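The next block holds one structure in the form of structure tokens; read it before the comments.
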Amino acid sequence: MDSFKTPVRNKKGNLIQIPASPFMKKIGFGTGVAVYEMHRSPIQNRTYSPWAVKKVLKEKESGIVESMEKRLRFEAEILRKLKHPNIVGFRAISKDEDGNSALIMEECSSSLGDMIENRLDHLGEVPYSPNTILKVLRDISKALDYLHNTALLLHGDMKSFNVLIKGDFIICKLCDFGVCLPLNKSGQLDKERNTNQSFYSGTDVWSAPEILKFPQEVTSKADIYAFGLIIWEMIALSPPIDDDLMMNLDQSAEDSSNSITDFDRERPPLPDVDLGTEYNLVLQIYYCCTAKNKDDRPGAADLVLLVDSSDEKEI
């Protein structure tokens, strides 16, 4: 996918005017990028919902900017082809005031990662209710089922910060498709479609055991493991990192010859909190998704059936 011909979803030939960054509210950020809220001018007394604009941050090294530009255009190429209620909506790809690419998407209220951090700050170590967790699992499992079995794509960077929430958990949507990898119908990495010979490059803290080894075993089950860790996050209200993983990450940072891919990851233990029987289904899903052996994990379609087997209640 070296060639990007993503159309702007407005009149052909027109680029959407992107305000300069200081004139927009920053609502998120990631490695080398920031996301801003863009308000659209009302026309004929009609109010338009705001958009989210993802832009590459200015860096001193032009090579970094070029790499992030390529990733952003790749994400736009992927996102414009995806149409699912639980995947963030593509709106356009345009240019900012510096001539760099800007990906325009539907705006959601917040990321789940930010909400988890805010909950810890305001309520302390109080896990989300099982109904709230199941709402997130219900929506995101449907997004993964579509991604794995219809679009034939591995998300490759599943984590709470890539789950967007509208309102008070009205709907949850998956975002950030900049490191997607192609899958075949069996859920394996499709080497023929992987023309760039890309490898799994998601976030180490949310990576499955088979990803943290060399050689990597890249399958759809890597997303499932990280999906399970999102459950852990909603219970523990922190990133899924334990002492062993932290020590290995620190050693890797200090010594480039000591790769994180030498690490044999174990399932992170649940925090010492009182979880009643109402959490039984949540915990069942957590344990099966984070099985060390990838073949013991359910597929996304199985997860949809498992979560839908519970009665949907008010959050």
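The values are calculated or read from the model by the stated rules, or taken from the named source; none is laboratory data. Please read these numbers as outputs of a predicted model, since none were measured by experiment. Here the Cβ is made from the backbone with ideal geometry for all residues, glycine too, and neighbour counts use every protein chain on show.
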Task: Condition broken by Asn86, with the remaining ones in (1) on the phi > 0 side of the Ramachandran plot; (2) under 16 Å from the mean Cα position of the chain (by Cα) satisfied - done: (1)
Task: Any hit, the range 225-237, residues being modelled with pLDDT of 95 or more, buried (at least 24 other Cβ atoms within 10 Å of the Cβ) and assigned to a loop (DSSP other than H, G, I, E, B) - done: no
- [ ] Check Gly187, Gly167 and return the single one that is in contact with a His (Cβ under 7 Å, 6 or more places away or on another chain) and either at positive phi or at pLDDT below 95 (or both).
- [x] Gly187
Task: Total residues in the range 269-311, condition charged (D, E, K, R), in contact (Cβ under 8 Å) with a residue 60 or more places away in the chain and not in a loop (DSSP other than H, G, I, E, B) - done: 4
